[in-house]
Amino acid sequence: MNMHEEKDALYRCIEEGAKEIKRLSAQKGEPFTFCVVTFGCQMNARDSEKLKGVLLSMGCVETESEDADICVYNTCTVRENANNKVYGRLGLLKKYKEKNPLMKIALCGCMMQEEEVVRTLKESYPFVDLIFGTHNLYRFPALLLPVLRDDEKVTELWDKAEGSVEDLPIRRTYSFKSGVNIMFGCNNFCSYCIVPYVRGRERSREPEEILTEIKALAKDGVKEIMLLGQNVNSYGRGVKSACTFPELLSEAAKVEGIERVRFMTSHPKDLSDELIEAMANSPKVCRHLHLPLQSGSDRLLELMNRHYTKAQYLSLVERLRERIPDIALTTDLIVGFPGETEEDFSETLDVVKRVVFDNAFTFQYSPRRKTPAEKLPGRLSEEVMRDRFDRLLALVKEGAAAQAKKKEGQTEEVLVESINRQDETLLTGRLSNNTLVHFKGEPALIGQVVSVRLDKSMGFYYLGEMV
Ligand code: SF4
């Protein structure tokens, strides 16, 4: 079956699914509800929007509560505690299902790509109805149908991607901004990372297909897009019409109606001068770059299979700031990689001191099955990891506060995203450099770009006033 035939078949499954939902709602005497829970990264958040789109097209009603008729966990497995969180929460779903025999429980995402996990689920969680992975996520309508119609237990996992149907129904979390997948998978095999084993080999979408999607989003009122890939810098390998990531970024920024373009994630080993130029030359490309360092120690960067050195990372930062002076830099940092000495760790602290990141996501090393680092000697104790984690976080916070302070008193463009969760009299918006701002304003402004004076920096966010 080619992709067009597959798409038609999936739409037929949605129609059949809608009939089943109608029957089940009648049986229940109320609309059939669903809840999709997203664990992990922006790629997963985008995938969850696709799952919601299918369930809404089948006539289900969304609810925030996991005590729903259909509960879908879109899982992450980047660290062990992500797996434990899912196992822990399945116990609660079991109780909901004992109360509601019509309930269907589905699990998908990266964690399901681990054979051992699926074995455990089958043995210890037999009440789970549907298990599928990252490569066949788009087949959700076809996999869910027999579960709804015949109460079947369905498991379908592919160890590699077999193409993908992109334009199925989707329910965006925000009407004014959207993620856009430009590629899937990763070929970098950083020694601590499980992503290449659960998301497969890199495959880039055709540039025309991506630009068509962006134009449709702009027509639909989207102002901000986030180009998504595990390593966007290697975009373009294997596409029919040759296109590099800097070229794609420049084209995306030209789409009428799109006011802001973000992208994630860039690997330092192949961030090119062309990309720096493309960012510098397009004011629509947001002034924020997430550039994972992981460690400042050349010895560990080699063991991590990262393919750059401390000096190369620092010179990249220098070139970026020279060409785009107002760029905000954020990063990922791992403490406690096997064998990490105090000297190695002080190299990481040194880079953080010299770069002064706008923010950093800091993690304690978590051994992942099948990854080379899992077999490395020299595991550190929880205590040592905790101590280094706290010292690193304190330094990151200090730097972030210093960076944020620089913009105090300035007036900046802000995309209004929501009503503030803690204080309903305030709105929350985002600067081009990805920092949040809270300020007074009418909810009708949500989705608009407004000017806000940044009155007070609070470390990782600002308090401001609309001007
Ligand atoms: S670049 Fe490295 S850390 Fe990032 S997803 Fe790929 S293997 Fe994992």
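No value in this document is a laboratory result; all are computed from the given coordinates. What you see is a predicted model, and the numbers here were worked out from it, not measured in a lab. FYI the Cβ positions are ideal-geometry reconstructions off the backbone, even for glycines, and counts take in every protein chain you see.
Compute the FRET efficiency between residue 119 and residue 467 as 1/(1 + (r/R0)^6), taking r as their Cβ-Cβ distance and R0 = 56 Å, and round to the nearest 0.05. Working shown, then result.
Values: r = 59 Å, r/R0 = 1.05.
Given R0 = 56 Å and the Cβ-Cβ separation, E is 0.40.
Length available on full extension from residue 256 to residue 449: 0.36 nm per residue minus the Cα-Cα distance, which gives 67.9 nm. Quick one: work out the % antiparallel among DSSP beta bridges in region 150-276, nearest 5. Looking only at bridges with both residues in region 150-276, the antiparallel portion is about 15 percent. Sorting the Cα pairs of region 152-228 by distance into bins of 5 Å, from 0 upward, gives 3, 12, 19, 19, 17, 14, 11, 4, 0 percent per bin.
Among bridges DSSP assigns within the chain, what percent are antiparallel (round to 5)?
35 percent
Each of residue 2 and residue 442 was given a label point 7 Å from its Cα along the Cα-to-Cβ line. The distance between the two points is 5.2 nm. Extending 7 Å from the Cα toward the beta-carbon at both residue 350 and residue 212 defines two label points whose distance is 5.2 nm. Partner aspartates and glutamates whose Cα lies under 14 Å from the Cα of residue 406, excluding those fewer than 8 positions away in the same chain, are identified as 326, 358, 398, 455.
Is region 384-443 best put as rounded, prolate or oblate by its Cα gyration tensor, with a ≥ b ≥ c the root eigenvalues, rounded for a/c under 1.5, and otherwise prolate when a/b is larger than b/c, oblate when not? It is prolate, given that a/c is not under 1.5 and a/b is the larger ratio. Checked against a 26 Å cut-off, the cross-linked pairs 7/52; 28/94; 254/353 give Cα-Cα distances beyond that limit for 254/353. With 20 Å bins beginning at zero, the pair-distance distribution over Cα atoms of the chain amounts to 22, 55, 22, 0 %. When each full DSSP H helix of the chain is screened for a Cα extent of at least 15 Å along its own axis and an average Kyte-Doolittle hydropathy of at least -0.5, the helices passing are 140-150, 207-219, 382-405.
Once both labels are positioned 7 Å from their Cα atoms along Cα-to-Cβ, the gap between residue 12 and residue 171 label points is 2.6 nm. Whole Å is fine, so just give me how far the alpha carbon centre of region 374-423 lies from that of region 119-150. Distance between centres, Cα-based: 37 Å. The spacing between region 200-270 and region 90-113, judged by their C-alpha centroids, is 35 Å. Given R₀ = 35 Å, what would the calculated FRET efficiency be for residue 154 paired with residue 84, taking r from the Cβ atoms and rounding to 0.05? In this case the efficiency is close to 0.90. Can you tell me the FRET efficiency between residue 67 and residue 319 if r is taken as the Cβ-Cβ distance and R0 is 60 Å, rounded to the nearest 0.05? Using R0 = 60 Å, I get an efficiency of 0.70. Hydrodynamic radius of region 1-140 by the Kirkwood approach over all distinct alpha-carbon pairs: 15.6 Å. Each part gets one Cα centre, and for region 292-323 versus region 1-23 those centres are 48 Å apart.
With all pairs of different C-alpha atoms in the average, the Kirkwood value for the hydrodynamic radius of region 172-286 is 14.4 Å.
Using a 4.7 Å Cβ-Cβ cutoff, the cysteines of the chain lacking any partner cysteine are 13, 35, 41, 60, 71, 76, 108, 110, 186, 243, 286.
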